[in-house]
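Just so it is clear, none of the values below were taken in a lab; they were calculated from the coordinates. Since we're looking at a predicted model, the values are computed, not measured. Quick reminder, even Gly has a Cβ in these numbers, built from the backbone with ideal geometry, and neighbours come from all protein chains shown.
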Amino acid sequence: RSYEDMLVDEVAPDRYYWAPLAQHERGSLASLDSLRKGGPAPGNWRQPELPEVIAMLSFRLDAVKSNAAAYLQHLCYRNDKVKTEVRKLKGIPVLVGLLDHPKKEVHYGACGALKNISFGKDQDNKIAIKNCDGVPALVRLLRKAHDMDLTEVITGTLWNLSSHDSIKMAIVDHALHALTDEVVIPRSGWEREPNEDSKPRHIEWESVLTNTAGCLRNVSSERSEARRKLRECDGLVDALIYIVQSEIGQKDSDSKLVENCVCLLRNLSYQVHREIPHAERYQETPLAPANNAGPHAASCFGAKKGKDEWFSRGKKLPEDHGADTVDFPKRTTPAKGYELLFQPEVVRIYISLLKESKTPAILEASAGAIQNLCAGSWTYGRYIRSALRQEKGLSAIADLLTHDSERVVKAASGALRNLAVDLRNKELIGKHAIPNLVKNLPGGQQTPAKNLSEDTVVSILNTINEVIVDNLEAAKKLRETQGIEKLVLINKSGNRSEREVRAAALVLQTVWGYKELRKPLEKEGWKKSDFQVNLSNASRTQGGNSFDDSTLPLIDRSQKTDKKSSREEIQMSNMGPDNYSTLNERDHSRTLDRSGDLGDVEPVKAVPLMVST
């Protein structure tokens with residue numbers, strides 16, 4: 001069952017478009033990189049077989065248990081076959097049981113082994129850990145842990161487990177409050193009662209926070225119930241925003257911690273105006289339906305009442321489009337909790353990241369969060385559309401249309417579409433963003449040629465249509481930038497999908513609806529038939545919905561084909577309890593928001609496990 005199957009039916013279609021949820025991260029791996037620093041073992045010793053190692057986990061001596069767990073962790077390092085054998089030999093329940101062992105070297109080794117076992121493509125290993133109550137056991141250990149290395153291994157294991165759909169709600173139900181109270185709040189530096197010196201500072205335990213935010217990022221893409229519990233978890237949103245502010249203040253806008261936090265905030269902003277408590281308080285009169293067929297046309301060529309009809313009937317437009325500035329409502333008490341998701345402070349954070357970050361996943365998440373917040377006919381959506389303009393955020397989003405990453409381009413397009421509901425934004429976007437929107441369409445003479453996916457092309461076409469409706473100057477700009485040529489080519493070439501053809505035809509119909517443009521267009525050789533939908537030539541190879549509603553959670557469809565993980569994997573340089581080393585194997589060829597790089601997660605060290613022959 002894919003994420004898409006989950007949310008598409010939860011939301012009634014309307015004119016707004018939500019950014020997809022940040023996809024899950026696969027987690028982390030810990031292991032040993034060297035077993036014997038002193039050369040080969042004596043001739044009368046051999047390495048134990050896997051069944052022997054698992055049997056040693058139940059031995060009466062704690063030293064044997066801890067060494068067996070550490071050695072098992074090593075055996076499972078990048079070895080899916082061994083992980084499967086451990087599961088088949090019933091080693092996972094024994095390891096989970098050792099998480100409650102009173103001695104650190106035992107539960108630490110067991111947790112490191114479970115982290116390795118839970119990393120990888122074999123989802124059965126994750127399910128096996130869950131089925132023997134591994135999540136509650138990890139939470140119990142987390143509440144007792146007071147040092148960074150153990151907490152790091154626990155949170156890394158939870159991050160690994162959180163990538164599986166069927167485990168996400170178990171983590172929400174059992175681990176959310178422990179992760180928030182034991183890790184996020186105390187390690188973020190955020191204080192419930194701040195004093196004058198409470199300013200964002202350097203984050204301590206950054207790798208632990210990265211693991212935790214990665215885990216919560218994954219579970220937040222599960223369903224509305226999970227998002228509701230995360231939003232309403234006391235102090236979580238406050239601390240997340242504080243972390244991102246701290247990282248920006250430290251000029252570190254590209255860390256994995258920032259990425260996980262911003263992706264999590266983006267997911268929590270998804271459908272926020274419908275899912276927060278007492279959401280009805282913020283609802284406003286719906287906007288007039290978008291005139292998708294031109295400013296004054298019932299069809300491509302007929303008459304239709306436009307926005308002037310509102311005034312002729314003595315009604316005011318639902319939004320005050322004439323105001324260039326809109327002030328947020330005055331508050332008697334400071335915003336906190338989920339209310340911070342749609343306050344001016346968070347808007348400024350996203351704009352700062354759009355301007356300062358170079359990481360595609362962070363740019364995509366920031367634009368996606370803005371897209372989500374600007375969706376819906378609700379009070380704060382209207383304020384945020386105006387605030388983005390006042391804070392000079394429109395140009396930052398429009399600049400993303402030239403980004404090398406397709407997913408960043410698509411996120412920027414979706415954000416601009418919802419921002420264009422505000423008429424002043426529509427005017428500015430039409431003036432400054434139409435050229436770059438057109439450049440992203442297929443066809444034309446640009447070099448290199450754009451080869452974007454169907455979903456991205458449809459998103460761009462829908463954004464163009466939103467911008468030129470009731471906006472003659474934007475329609476003129478579309479004509480001046482060779483947009484008509486590209487639209488007609490999409491409509492008539494015969495090699496584009498039905499969704500693309502319909503979206504392009506919608507834009508062409510809107511353009512033809514402007515009588516002022518018909519003569520200039522006819523002088524350039526265009527005919528009326530060029531502006532009518534032509535589905536007979538549409539390619540049927542790329543099926544899909546009739547609209548690019550972008551309401552599905554974000555999942556990387558190419559992830560299954562990846563041959564190599566880009567996760568930093570922990571290697572153990574020796575088997576002593578005090579020395580750690582990490583192996584950084586980041587694969588820079590991977591595109592954004594796939595399984596990203598994890599902070600160092602150091603597993604246990606112990607002496608090599610040998611058996612006398």
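For region 418-430, putting each phi into the Karplus relation 6.51 cos²θ - 1.76 cosθ + 1.60 with θ = phi - 60° gives couplings of 6, 5, 6, 4, 6, 5, 5, 4, 4, 4, 5, 5, x Hz, in residue order, rounded to whole numbers and with x for Gly and Pro.
Karplus-based coupling profile of region 144-149, in residue order and whole Hz: 8, 6, 10, 10, 5, 5, with θ = phi - 60° in 6.51 cos²θ - 1.76 cosθ + 1.60 and x standing for Gly or Pro. Rounded to the nearest whole Hz, the Karplus-based 3J(HN,Hα) values (6.51 cos²θ - 1.76 cosθ + 1.60, θ = phi - 60°) of region 49-63 follow the sequence 6, 4, x, 5, 4, 5, 5, 5, 5, 9, 5, 6, 8, 5, 4, with x at glycine and proline.
Remark on residue 378: its backbone amide H falls under 5 Å from those of 284, a criterion applied only to residues 5 or more positions apart or on other chains, H modelled at 1.01 Å from N. Taking Cβ atoms as reference points and 12 Å as the exclusive limit, the residues near residue 444 contribute a net charge of +2, counting Lys and Arg as +1 and Asp and Glu as -1. In this structure the amide hydrogen of residue 45, modeled in the peptide plane, comes within under 5 Å of the amide hydrogens of 613, none closer than 5 places in sequence on its chain. Protection proxy ranking for 237-250, 75-88, 158-171, using the average of other Cβ atoms within 10 Å per residue and placing the highest first: 158-171, 237-250, 75-88.
Can you order the peptides 254-264, 407-417, 48-58, 219-229 by their average number of other Cβ atoms within 10 Å per residue, highest first? Can you show the working numbers first?
Values: 254-264: 26.5, 407-417: 28.6, 48-58: 16.5, 219-229: 21.3.
So the order, starting with the most tightly packed, is 407-417, 254-264, 219-229, 48-58.
I'd like to compare 205-213, 103-111: which one has the highest average count of other Cβ atoms within 10 Å, and what's the full order after that? Before the final figure, lay out the partial values.
Details: 205-213: 26.6, 103-111: 24.0.
Highest-to-lowest ranking by the protection proxy: 205-213, 103-111.
Above 20 angstrom, tally the Cα pairs of region 48-163 and express them as a % of all pairs, no decimals. List each step's numbers first, then the result.
Working: 2055 of 6670 pairs.
Cα-Cα pairs of region 48-163 separated by over 20 Å account for 31 percent.
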